[in-house]
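The values are calculated or read from the model by the stated rules, or taken from the named source; none is laboratory data. Fair warning: this is a prediction, and the values are worked out from it, not measured in the lab. A quick note on method: Cβ atoms are made from the backbone with ideal geometry, for glycine too, and the neighbour counts reach across all protein chains shown. To get the accessible areas, we keep the full protein, side chains included, count just its heavy atoms, and leave off ligands, DNA and RNA. Shrake-Rupley method; radii C 1.70, N 1.55, O 1.52, S 1.80 Å.
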Amino acid sequence: QVQLVESGGGLVQAGDSLRLACAASGRSFRTYVIGWFRQAPGQERMFVAAITWSGGTTWYSDSDRFRITRDKVDNTVWLQMNNLKPEDTAVYYCGAQLKGVASDPNDYDLWGQGTQVTVSS
């Protein structure tokens, strides 16, 4: 079964850090782009960061606070989030796609179930 499973969310205070994991299984993701998006209640799904599985090329909405990496050994893409702010509160999703364009959620074919991140002030 092909799937993406997110983990690592939680309740933190402003200024704290979190590291989210996206575990990929069921197929080879060698040619895929893996992206992280977030969605707050009543809002659209917004791009956070993405990475090519093979070459490690990255894209960011905020490269000062977020860092995306991938571990080919355990098929996991990590999102390190630093200096979290209350406006970062959302459900965070990872997705996979083959089109190579990173920031449009409509280009993504496969999604995980999401992990909640809540940042208190």
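Quick look at the numbers
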read-out: Pairwise FRET efficiency - Val101 versus Gln43, Cβ, R0 = 30 Å, nearest 0.05; value: 0.90
read-out: Which of Cys22, Trp36, Val2, positive extreme of dipole for the stretch 1-48 (C-beta unit charges); value: Val2
read-out: Candidates Gly15, Gly100, Gly26, ranked by Gaussian network fluctuation over the chain, Cα under 10 Å, top entry; value: Gly26
read-out: Percent RCO, i.e. relative contact order, over the chain, from Cα pairs under 8 Å lying at least 6 residues apart; value: 35
read-out: Per-residue SASA entry for Leu98, accessible area with 1.4 Å probe, Å² rounded to 10; value: 100
read-out: Solvent exposure ordering (accessible area, 1.4 Å, most first) of Met81, Met46; value: Met46, Met81
read-out: GNM result for the chain, Cα springs below 10 Å: residue of Ala50, Ala24, Ala14 fluctuating most strongly; value: Ala14
